[in-house]
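K.L.:
The structure's right below; bear with me while I get my questions together.
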Amino acid sequence: MAKYLAQIIVMGAQVVGRAFARALQQEYAASQAAARARSRSGQQSAAASSITGMSLQEAQQILNISTLSPEEIQKSYEHLFKVNDKSVGGSFYLQSKVVRAKERLDEELSIQTQEEKKQPSQQNSET
């Protein structure tokens, strides 16, 4: 009787151990996929910074915005562009900085939109 009880306990431990190992493998694979997705978006953002010659933080400071909302970006851009117009005594240099900042933020928004479109399809393929 004790022999059968020991066998049942050993078999139960094996089943639980296999299930735990499988869950651990799945979690590891999911974390690796998430890390790859983060690095891709980071690489795209770094590429956008090098192309425009401006970091995301610098662009946000120039347009004086804290969140990446298209409406806030456009509103700030239009105001700063008009204020820095050369015909009203503004600076062409500052006006060009405003344009570059808007371009950089628009690029970041498109990168984020692309990542959001990819994420649901990745989640669907994992389930």
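Any read-out appearing in this document is the output of simple, stated calculations on the displayed coordinates, not a laboratory observation. What you are looking at is a predicted structure, and each value in this text was computed from that prediction instead of being measured. So basically every Cβ, Gly included, is an ideal-geometry build from the backbone, and we count neighbours across all protein chains shown.
K.L.:
Between Q26 and V83, what is the spin-label point distance in nm, taking each point 7 Å from the Cα along the Cα→C-beta axis?
P.N.:
That separation, rounded to one decimal, is 5.4 nm.
K.L.:
Let me ask something else. I need the peptides 58-71, 10-23 ranked by packing, meaning the mean over residues of other C-beta atoms within 10 angstrom, with the highest value on top.
P.N.:
58-71, 10-23
K.L.:
Here's a follow-up. Stretched out fully, how many nm does the piece from A6 to E58 gain, at 0.36 nm a residue minus the Cα gap?
P.N.:
12.0 nm
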